[in-house]
């Protein structure tokens with residue numbers, strides 16, 4: 001069929017899901033308790049997509065804090081840091097703060113998956129979520145993953161990452177391996193479509209060195 | 001990217017999404033510029049579908065990718081995920097017809113420019129609006145499908 005309709009991945013979070021994400025982050029809500037609520041929200045999200053007539057269904061990334069930071073829950077050697085936390089390690093703090101203000105980016109609510117040790121996939125990044133999604137619909141399923149370039153660039157924060165890897169390309173080798181393991185799992189779990197997100201590519205080509213730089 | 005996807009090309013439909021930021025509803029703070037500087041990079045990637053923004057003028061002209069990379073599928077961004085009103089199916093259908101100048105009908109997917117809530121506590125939209133935008137894309141797809149089969 002021509003012109004299948006799908007989404008790029010994420011769906012707006014309800015206020016109860018936002019509260020649950022917060023509680024899970026602080027450890028007041030267990031993963032099992034969180035997932036129970038998230039399962040319900042994903043059911044609703046899928047229902048709406050089917051009602052709208054969408055062809056390739058997504059789970060709305062509803063379990064994720066953001067489209068790349070969520071890997072801190074799945075990969076050893078990572079730590080979730082707010083941009084405010086990262087400010088500690090930035091040499092030119094004034095410039096970093098100014099960049100965030102200029103871009104209208106809130107330092108406390110955007111979080112980064114920082115590499116703080118040897119990276120190892122502890123559990124699938126998205127294959128478990130896909131299996132749940134598969135139980136909800138027979139339509140083809142689309143899964144989104146952060147791309148290798150985005151992850152390498154975002155996860156490397158020299159002050160935290162240098163002890164484990166020495167240099168960024170060495171860390172990138174492990175990111176490639178982790179994403180390949182994930183693709184194998186997703187293919188086995190019946191994903192039809194896997195989309196890699198590489199939003200910073202436009203920044204690389206459209207922002208000069210001495211101009212602005214975003215936070216990813 | 002090619003090291004990641006090598007060997008999976010036949011097992012999965014692999015897509016690449018590139019946008020210009022989705023953390024704010026303010027157009028002036030998001031990135032502007034067309035895809036021209038990325039054409040070589042895209043053509044080297046062993047990726048079946050490019051999922052790109054085309055719903056705001058910041059993303060530039062459809063012809064740039066349309067002329068260079070019509071051998072790939074296009075995930076055509078036809079809705080702005082950050083605005084409060086759904087685009088009209090009529091307008092979306094027009095965009096599909098423009099894309100048909102470059103891509104075969106079997107190579108065009110429809111999607112919003114980006115997610116509706118990439119950052120959990122900085123979601124750029126609400127569920128009802130997102131739902132209306134999905135319906136608008138479905139209606140536009142039906143419209144152009146009917147035109148093609150009637151032609």
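Before moving on, here are some points about what is shown:
- Every condition in (1) more than 8 Å from chain A (Cβ to nearest Cβ); (2) free of Cβ contacts under 8 Å to residues at least 60 places away in the same chain; (3) under 22 Å from residue A:200 (Cβ atoms); (4) more than 14 Å from the chain's Cα centre (by Cα) is met by residue B:25 except one, and the failing one is (2).
Residue-by-condition table, conditions (1) part of a loop (DSSP other than H, G, I, E, B); (2) facing another protein chain (nearest Cβ under 8 Å):
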| position | (1), (2) |
| --- | --- |
| B:58 | no, no |
| B:71 | yes, no |
| B:96 | no, yes |
| B:106 | no, yes |
| B:111 | no, yes |
| B:117 | yes, yes |
| B:129 | no, no |
| B:135 | no, yes |
| B:148 | no, yes |
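- The numbered conditions (1) in a helix (DSSP H, G or I); (2) in contact (Cβ under 8 Å) with a residue 24 or more places away in the chain; (3) surrounded by 17 or more Cβ atoms within 10 Å (Cβ to Cβ) are all true for residue A:159 except (3).
Let's see how each residue does on (1) within 14 Å of chain B (Cβ to nearest Cβ); (2) touching a residue at least 24 places away in the same chain (Cβ under 8 Å); (3) under 22 Å from residue A:143 (Cβ atoms):
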position: A:11; (1), (2), (3): yes, yes, yes
position: A:18; (1), (2), (3): yes, no, no
position: A:43; (1), (2), (3): yes, yes, yes
position: A:49; (1), (2), (3): yes, yes, yes
position: A:58; (1), (2), (3): yes, yes, yes
position: A:65; (1), (2), (3): yes, yes, yes
position: A:77; (1), (2), (3): no, yes, no
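- Subset tally (residues that are surrounded by fewer than 19 Cβ atoms within 10 Å (Cβ to Cβ) and not in a loop (DSSP other than H, G, I, E, B)) for segment B:30-41: 5
- Looking across A:98, A:51, one residue alone is modelled with pLDDT of 95 or more and either loosely packed, with under 14 Cβ neighbours inside 10 Å or part of a loop (DSSP other than H, G, I, E, B) (or both). It is A:51.
- Within segment A:106-119, tally of residues that are closer than 14 Å to residue B:122 by Cβ and surrounded by 14 or more Cβ atoms within 10 Å (Cβ to Cβ): 6
- Subset of segment A:81-96 (residues that are within 19 Å of residue A:203 (Cα to Cα) and within 23 Å of the chain's Cα centre (by Cα)): A:83, A:96
- Evaluated against (1) touching a residue at least 12 places away in the same chain (Cβ under 8 Å); (2) outside any strand (DSSP E or B); (3) at the interface with chain A (Cβ under 8 Å from one of its Cβ atoms); (4) under 15 Å from the mean Cα position of the chain (by Cα), residue B:144 falls short on exactly one condition, (4).
- Residue check for residue A:180: in contact with a helix residue (DSSP H, G or I) (Cβ under 8 Å, 6 or more places away or on another chain), within 12 Å of chain B (Cβ to nearest Cβ) and at pLDDT below 95: no
- Flag for residue B:20 being modelled with pLDDT under 95, in contact with a helix residue (DSSP H, G or I) (Cβ under 9 Å, 6 or more places away or on another chain) and within 29 Å of residue B:123 (Cα to Cα): yes
- Verdict on residue A:46 being modelled with pLDDT of 95 or more, in a helix (DSSP H, G or I), in contact with a helix residue (DSSP H, G or I) (Cβ under 9 Å, 6 or more places away or on another chain) and buried (at least 21 other Cβ atoms within 10 Å of the Cβ): yes
- Total residues in segment A:190-216, condition modelled with pLDDT of 85 or more, over 17 Å from the mean Cα position of the chain (by Cα) and either in a helix (DSSP H, G or I) or over 21 Å from residue B:16 (Cβ atoms) (or both): 1
- From the options B:59, B:55, B:93, B:68, residue that is in contact with a helix residue (DSSP H, G or I) (Cβ under 7 Å, 6 or more places away or on another chain) and buried (at least 18 other Cβ atoms within 10 Å of the Cβ): B:93
- When residue B:102 is tested against the conditions (1) part of a helix (DSSP H, G or I); (2) more than 7 Å from chain A (Cβ to nearest Cβ), the lone failure is (1).
- Comparison of A:103, A:133, A:125 shows that the only residue that is within 14 Å of chain B (Cβ to nearest Cβ), surrounded by 15 or more Cβ atoms within 10 Å (Cβ to Cβ) and in contact with a strand residue (DSSP E or B) (Cβ under 7 Å, 6 or more places away or on another chain) is A:125.
The values are calculated or read from the model by the stated rules, or taken from the named source; none is laboratory data. Please read all numbers here as calculations on a predicted model, not as lab measurements. Ideal geometry is used to build each Cβ from the backbone, glycine not excepted, and the neighbour counts take in all protein chains shown.
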